[in-house]
Amino acid sequence: QVQLVESGGGLVQPGGSLRLSCAASGRTFSSYNMGWFRQAPGKEREFVATIRNRGSTYYADSVKGRFTISRDNAKNTVYLQMNSLKPEDTANYYCAATLFGQTGTRSSEYNYWGQGTQVTVSS
């Protein structure tokens, strides 16, 4: 079992930055592939970024060049640094974990989910 707790969300102006954190329980965090997803009101949950257990990363086109996913296995934590934020980035952001998953881009690949942290980009 893995428990995930997100933090770092909030209200930010367009062009601003936020860093989300996801703290995981358990002693095998380094084995997990981790992902960030987001869901805006009235929309489906969508993939944002993934970092594999060996460190490779992949991003949705909509955030490429603006967001950076990273992990600190010593702290059992995965991060999402979000820069140049846009109003369309407004959503509830979720952290997810899986030991498997071929691509890391589909929500169905993930077994464990956090409860989410709200990000609102508005002037």
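Length gain on complete extension for the stretch GLU88 to GLN13, per 0.36 nm per residue less the alpha carbon to alpha carbon distance? Walk me through the numbers before you get to the answer.
Numbers: separation 75, 0.36 × 75 = 27.00 nm, distance 1.18 nm.
So the chain would gain 25.8 nm between GLU88 and GLN13.
Using only the alpha-carbon atoms, what does the range 32-73 span along each of its principal axes? Please give whole angstrom values in decreasing order.
Principal-axis extents of the Cα atoms in the range 32-73, largest first: 34, 22, 13 Å.
Show me, for the range 83-100, the HN-Hα J-couplings you get by feeding each phi into the Karplus relation (A = 6.51, B = -1.76, C = 1.60, θ = phi - 60°), rounded to Hz, glycine and proline as x.
Couplings: 10, 6, 5, 10, x, 6, 7, 4, 4, 8, 9, 10, 9, 9, 9, 8, 7, 10 Hz.
Find how many whole Å separate the alpha carbon centroid of the range 79-113 from the alpha carbon centroid of the range 8-39.
8 Å
Just want the answer: with Cβ charges of +1 for Lys and Arg and -1 for Asp and Glu, which residue in GLY55, ASN33, THR103 is farthest toward the dipole's positive end in the chain?
After comparing all options, I get GLY55.
Counting only residues 5 or more places away or on other chains, whose amide H sits under 5 Å from the amide H of TYR112 once H atoms are built in the peptide plane?
Here the answer is ALA97, since their amide H atoms fall under 5 Å of that of TYR112.
Counting only protein heavy atoms and a 1.4 Å probe, tell me what percentage of the chain's accessible area is made up of carbon and sulfur.
Values: 2900 of 6550 Å².
Carbon and sulfur together cover 44 percent of it.
Ignoring ligands, DNA and RNA, what accessible area per residue does the chain give at 1.4 Å, in Å²?
Working: 6550 Å² over 123 residues.
Accessible area per residue, the chain: 53 Å².
Of all the Cα-Cα pairs you can form in the chain, what percent are over 25 Å apart? Write out the running numbers ahead of the final one.
Numbers: 1131 of 7503 pairs.
The share of Cα pairs beyond 25 Å in the chain comes to 15 percent.
I need the trypsin sites (Lys or Arg not before Pro) found in the range 25-68, filtered to DSSP loop residues with at most 11 other beta carbons within 10 Å of theirs. Mind dumping the intermediate values first?
On the way: sites: ARG27, ARG38, LYS43, ARG45, ARG52, ARG54, LYS64, ARG66; in loops: ARG27, LYS43, ARG45, ARG52, ARG54, LYS64, ARG66.
Sites meeting the loop and neighbour criteria: ARG27, LYS43, ARG54, LYS64.
If you build a Gaussian network model of the chain, linking Cα atoms that sit under 10 Å apart, which residue out of GLU46, GLU109, GLU88 swings the most?
GLU88
What full-extension length gain, to one decimal in nm, is calculated for ALA60 and GLN39 as 0.36 nm per residue of separation minus the Cα-Cα distance? Don't jump to the answer; show the numbers that get you there.
Details: separation 21, 0.36 × 21 = 7.56 nm, distance 1.37 nm.
Extra length available between ALA60 and GLN39 comes to 6.2 nm.
Provide the percentage of antiparallel DSSP beta bridges, counting only those with both residues in the chain; round to the nearest 5. Don't skip to the answer; put the middle values down first.
On the way: 36 of 39 bridges.
Bridges in the chain that DSSP calls antiparallel: roughly 90 percent.
The values are calculated or read from the model by the stated rules, or taken from the named source; none is laboratory data. Not measured: the values here are computed from a predicted model. With ideal geometry, Cβ positions are generated from the backbone for all residues, glycine too; neighbour counts draw on all protein chains shown. Ligands, DNA and RNA are excluded from the accessible area calculation, which covers all protein heavy atoms including side chains. Shrake-Rupley method; radii C 1.70, N 1.55, O 1.52, S 1.80 Å.
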